[in-house]
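What follows draws every value from the coordinates through simple rules; no lab data is involved. What you see is a predicted model; the values in this text were computed from it and never measured. Using ideal geometry, Cβ is built from the backbone for each residue, glycine included, and neighbour counts are taken over all protein chains shown.
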Amino acid sequence: MANASMKDIKARIKSVSGTMQITKAMELVATSKLRRAKERAEASKPYLCAVTDAMRHVLSTSDARKSVWAMPHDGKRLLLIVIAGDRGLAGGYNSNIFRLAASLACGYELTVLPVGHRAVEYYKHRNVPLFTEKFSTVATLGVGDCFSIATLCTQTFAEKQFDRVAVVYTKFASMMTQIPSSYELLPLPLPAEGKEEPLYESEDIDELLLTLSTDYIGGVLSGTVAESLASESGARRAAMNAANKNAEEMLDGLTLHYNQARQAVITQEITEIVSGAEAL
Amino acid sequence: MKTFSLKIATPDGLKFDGAAVSFLCRTAYGDVEILAGHTDFIAPVKPGTVVLKTETETRAAAAAGGLLSVKKGEVTFVPTTFEYADEIDLERAKAAKEKAEAAMKNATDARELDLAQAKLSRALSRISAAGK
C-alpha cells in the first residue's frame, strides 16, 4: 500500500466512504424498524401468555391426552416453519436460523414452510420440498396470515400429512443478542401430569382443542414473527455498526497513506529541483 | 357493585385490563354473561357482540375467535380480533359482508365455503356491534 500512487489511494478512499454512506443509512433504517418491531413483539406477549396458560390447563385434564391434537404419531414427517429474513446483510441472522433448522430436522423427513425470501431461496436451492410459498414476505406478514398458517397446520396434521409441526425463529433477547430458538406446535406439548378437573362439557374436547390449538399456533406464530423481525433489525443494526467501524478504521489508514504518498512526492520534487540547481 | 378482574388480550395487544362488573360474550354454547364470583369455566368463542360493563361505563365490541376462561375468579378473554364499537369501520365491514356473500355464491368446494362463511359472520358481528 505504501507504494501505491496518490490516485489509487484517492479512489480507494472514495469507494470506502461510499460504502460507509450505505452502511450508515442501513444502520439508521434498522434502528427505526427495530423500535417498531419491538413494540409489536411486546404487544403480542400478553395474548401468547394467556393462550399458553389456557392450553396448559386444558391439556392437563386426562381426556385431552386422547385427542387427535395431542396424540403423538409414529411417522417421521416433519413440517418445519422457518422464519428467516427477506434480505441479507444482517450478520449471522439467516445462517444461524438455517443451522438450527438443520439440527432439528436431523432424522426426519423434512418439508419446509418458509417465511421470508431468504428461507425460500435457501431451501429451493437445496431441493427441500416446500409446503407453500404463499407466506414468503416476512415484513408484510400480518396476524391474519399467521392464523391462516395455523389453520393449514392443524388441518394437515389432522389429515396425517405430517407427524410433527415445529417453528424455528430468532428470539430477541436484547439489542445485542438474538438467539435462534424453536417451538413445538403439534402434537400439542403435554404437561408432565394430568390432575386438573375439566371445566367444560367433556364431549366438546375436540372442538375446544381445535379452536385452542389454532389460536395457540396462530398466537405463537404472530409472536415469533414479531420477535424475528425485531431480531433481524437488531442483527442488521449490529452488523452495520461493525461495518461502519471497519470503514472508519480503513479510512483512517488510507488517509495516512495518502498523506505519506503526497509528502513523498513533494520531497522527491524538492530533491529533484535542488539537485538540478546544483548541477547548473 | 361487585367487580372481578378481566383481561382482554389480542395478538395486537391488551385491549382491557382491570375491574369489570359484567362481561357478556357469545361462546360455542350460546351467550354467556360472566359476573363476579363465577365458577371456573372455559369455552371457545364464536364471532359476535361483546358487552363489557365497568363501574363507570358500558361498551360494546365485536370479537371473533378465541377463548373465554374463568380461573379462580380471574377472567381472561383471548379473541383473535377485538374492536370496540366506536373503532369499527362500518363501511369496510359492509364491503366485507358483500364480498363474503359473493364468495359464498361462487364457492366451489367446502373449504372455500367455510372460509367465506367465517368472513361473513365476522362482518355481520362487526356491523351489529357498530350499531350498539
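Values as computed for the structure displayed
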| item | result |
| --- | --- |
| Cα gyration tensor shape for the range A:26-137, rounded if a/c is under 1.5, else prolate or oblate | oblate |
| A:Asn259-A:Cys106 pseudo-label distance in nm [points 7 Å out on the Cα-to-Cβ vector] | 5.4 nm |
| Extension gain from A:Leu280 to A:Thr52, taking 0.36 nm per residue of separation minus the Cα-Cα distance | 72.5 nm |
| Restricting the range A:82-161 to GluC sites (Glu not before Pro) in coil, as DSSP defines it, with at most 15 other Cβ within 10 Å | A:Glu133, A:Glu159 |
| Stokes-Einstein D in µm²/s, Kirkwood radius over Cα pairs - the range A:212-251 at 20 °C with 1.002 mPa s viscosity | 177 µm²/s |
| Stokes-Einstein translational diffusion, the range B:62-104 - Kirkwood Rh over all Cα pairs, 1.002 mPa s, 20 °C, in µm²/s | 172 µm²/s |
| Three semi-axes of the equivalent ellipsoid, the range A:102-259, Cα gyration tensor, whole Å, largest first | 41, 19, 14 |
| GNM top mover of A:Cys106, A:Cys153, A:Cys49 - chain A, alpha-carbon springs below 10 Å | A:Cys106 |
| Residue-by-residue Karplus 3J(HN,Hα) for the range B:80-85, coefficients 6.51, -1.76, 1.60, Hz, glycine and proline x | 6, 10, 8, 9, 5, 3 |
| Per-residue Cβ neighbour rank within 10 angstrom, fewest leading, A:Arg77, A:Arg36 | A:Arg36, A:Arg77 |
| Sparsely packed GluC sites (Glu not before Pro) within the range B:26-132, loop by DSSP, other Cβ within 10 Å at most 13 | B:Glu55, B:Glu57 |
| P(r), alpha carbons of the protein assembly as shown - 20 Å bins starting at zero, rounded % | 22, 45, 19, 9, 4, 1 |
| Cα lying deepest toward the dipole's positive end in the protein assembly as shown, options A:Phe98, A:Gly218, A:Leu59, charges on Cβ | A:Phe98 |
| Fraction of alpha-carbon pairs over 27 Å apart in chain B - percent | 22 percent |
| Kirkwood hydrodynamic radius of the range B:71-132, from inverse mean 1/r over distinct Cα pairs, in Å | 13.0 Å |
| Cα gyration tensor category, rounded, prolate or oblate, for the range A:132-183 with a/c compared to 1.5 | oblate |
| 3J(HN,Hα) from dihedral phi, the range B:59-70, Karplus parametrisation 6.51/-1.76/1.60, rounded to Hz, x for glycine, proline | 10, 9, 8, 9, 9, 9, x, x, 8, 10, 9, 10 |
| Long-range HN-HN contacts of B:Thr80 with modeled amide H, under 5 Å | B:Ala64, B:Gly65, B:Gly66 |
| Net charge dipole size for chain A [Lys, Arg +1 and Asp, Glu -1 on Cβ; Debye, nearest 20] | 1020 debye |
| Distance (nanometres) between label positions extended 7 Å along Cα→Cβ at B:Thr27 and A:Thr140 | 4.0 nm |
| Long-range HN-HN contacts of A:Gly85 with modeled amide H, under 5 Å | A:Arg118, A:Ala119 |
| Within straight-line cross-link reach of A:Lys134, aspartates and glutamates at Cα separation under 12 Å, skipping those fewer than 8 residues along the same chain | A:Asp145 |
| Residues B:Tyr29, A:Tyr93, B:Tyr84 arranged by fewest to most Cβ contacts within 10 Å | B:Tyr29, B:Tyr84, A:Tyr93 |
| Derived scalar couplings ³J(HN,Hα) [the range A:43-54; Karplus, 6.51 cos²θ - 1.76 cosθ + 1.60; whole Hz; x for Gly, Pro] | 5, 7, 5, x, 4, 4, 4, 5, 5, 4, 4, 4 |
| Ranking of B:Phe4, B:Phe82 by count of other Cβ atoms within 10 Å, fewest first | B:Phe4, B:Phe82 |
